[in-house]
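None of the figures in this text is laboratory data; all of them are computed from the coordinates on show. On a predicted model such as this, the values are computed, not experimentally measured, just so you know. FYI the Cβ positions are ideal-geometry reconstructions off the backbone, even for glycines, and counts take in every protein chain you see.
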Amino acid sequence: MFAKEFDLAKNGGYYPEYKVYKRFPKITGCPPIKAEKYRPYIGRALLSRQPAMRIKKAPRFAYIRKIINYPWRRMGSPQICLKGNKGTGKSVLLNLIMSFLMARGIRVIMFDNSRFESRNLAPHGYFDKKNEFHPYEIDIWIPEDYEFKKKRAVTNPLWQYRNNVHKREYNNLDKIVDSMESRRLTVIYDECFTDDAKLKIFSDLLLILAETAKIDRNYLFAHHELASLIPENPTKETYKLIQKVSAQVSNIRKDRIGILTSFHLESEIFYRIVRKFSYICHKQPENKTQYTPVERDALKLKISQTNISRHGFWMTHDIGYFAGLPDMFRLIPQRTKINYPSMKPVEKKDIDNKIKKKTYDDIDFEIARHRARGLSYQEISEKVGRSKATVYTRAKKMEIQG
């Protein structure tokens, strides 16, 4: 039952059930989760105003169970972000939260690149009310007729190793949205697109999901590095797209579309978007000159710990490791980026046709140079030492006759 990770990855197995919590969805590989009930802090005595150690009750609304069991129907969708230094376990915690929400029946869609962060949910699943196990189904959507680099030995598509991961092709986003189901992870491979195309796809996805919203459907957009999608300091061409996306993000809570993402610094994300997050999970913060109280408290946290804050109040959690697959799966994109909405891969023969190189020998070069000066064919033939007919034939091949 407690097989090694490599054996699970090699044999295509799934992680067993480790831990079960009350009022939590039942998933595989669930790590130990401990939340503080009381927090010691230094206050001041009422009369002497001297520092005094006190005990403060931790706010229950900042408990991780409040994120997992968030009332989507009553309060709209939550916006959740994980912030902290690199290597402190943000992606691991993001995968755990995403697994819990998928077990609840939330439809999850995410952008993924050649690093294949979505692989970490492939060996996991959930248990239904009858206690029957169901693996998470993962659809990886790639533009129609797109081909990855095959000469690289590191190209390892995950669908060749696991039967719950499927390759899908699309030529419009409606096909992706129509295929979304409960407890199914929908992945859009985005490294084949330009930066502007990624933003356009994100904007159109939010629009389509808002139009298809129903009372029994809840959507979650997940991204492991939001700063790569929506930068704070964009180029002039990208700025208008970001303004449009930021206006959409300000309303998606009412459209029943949640966001789950991670980043290092708030300054890396567009200001209007970063202020919309209702739950913030603080890991060890990056070095900077000023810290908020919750960030200052997070400086002393271990890698397994995180401060979950809401409305300025926070609760410290100790969350164990959520296991995933080894980092060995890759999809290496072609160097030519695709523009949206055409989504037509550029074939090599088309590139060769567009970049036809014309090579001229020394005689052709002399003929072209003298023709540009206005010399006649007879005068050119005397200068290059060729007959008049030969000079005319060469000029015709270079399309400069006349």
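Taking the chain as a Gaussian network, Cα atoms linked when under 10 Å apart, which of ASP361, ASP318, ASP297 shows the biggest mean-square fluctuation? Result for the chain, Cα springs under 10 Å: ASP361 fluctuates most. Fewest-first ordering of CYS192, CYS281 by other beta carbons within 10 Å of each residue's beta carbon gives CYS192, CYS281. Ranking TYR377, ILE33, ALA247 by Cα position along the charge dipole of the chain, where only Lys, Arg, Asp and Glu carry charges on their C-beta atoms, puts ILE33 farthest toward the positive end.
Axis angle, to the nearest 10 degrees, between helix 362-372 and the longest C-alpha principal axis of the chain: 80 degrees. Computed over the chain with a Gaussian network model linking Cα atoms closer than 10 Å, the most mobile of GLY84, GLY374, GLY125 is GLY374. At an R0 of 22 angstrom, the distance between the Cβ atoms of PHE365 and THR393 translates into a FRET efficiency of 0.90. Here the gap between LYS214 and THR292, fully extended at 0.36 nm per residue and compared with their Cα-Cα distance, gives a gain of 24.2 nm. Ordering ASP204, ASP128 from the fewest to the most neighbouring beta carbons within 10 Å gives ASP128, ASP204. Under the combined filter of DSSP loop state and at most 15 neighbouring Cβ atoms within 10 Å, the range 222-269 retains these trypsin sites (Lys or Arg not before Pro): LYS254. Between amide H atoms placed 1.01 Å from N, distances below 5 Å from TYR136 occur with HIS124, GLY125, TYR126, all of them 5 or more places distant or on a separate chain.
Counting only DSSP beta bridges whose two residues both lie in the chain, roughly 40 percent are antiparallel.
The 3J(HN,Hα) values that the Karplus relation (6.51, -1.76, 1.60; θ = phi - 60°) gives for the range 328-341 are, in residue order, 10, 9, 9, 10, 8, x, 6, 6, 7, 7, 8, 9, 9, x Hz. Gly and Pro appear as x.
For the residue pairs LYS240/LYS276; LYS19/LYS175; LYS37/LYS214; LYS37/LYS302, the alpha carbons lie more than 27 Å apart in LYS19/LYS175; LYS37/LYS214. Comparing ILE208, ILE230, ILE176 in a Gaussian network model of the chain where C-alpha atoms under 10 Å apart are linked, the largest mean-square fluctuation is found at ILE208.
Amide H to amide H, with H built 1.01 Å from N, ALA222 comes under 5 Å of ILE109, MET110, PHE111, LEU260, counting only residues 5 or more places away or on other chains. Per residue of the chain, the DSSP helices (runs of n ≥ 4 H) give a summed -39500 (n - 2.57) that works out to -8000 deg cm²/dmol at 222 nm. For the range 276-306 and the range 367-402, what is the separation of their C-alpha centers, rounded to whole Å? So the two Cα centres are separated by 76 Å.
Taken over the alpha carbons of the range 5-348 as equal point scatterers, the Debye sum produces base-10 log I(q)/I(0) values at 0.07, 0.15 Å⁻¹ of -0.31, -1.39. This ranking places SER48, SER250, SER262 by how few other beta-carbon atoms lie within 10 Å of each, fewest first, which gives SER48, SER250, SER262.
Principal-axis analysis of the Cα atoms of the chain puts helix 388-397 at an angle of about 20° to the longest axis. The phi-based Karplus calculation (6.51 cos²θ - 1.76 cosθ + 1.60; θ = phi - 60°) puts the 3J(HN,Hα) values of the range 66-74 at 5, 6, 5, 9, 4, x, 4, 5, 8 Hz, whole numbers, x for Gly and Pro.
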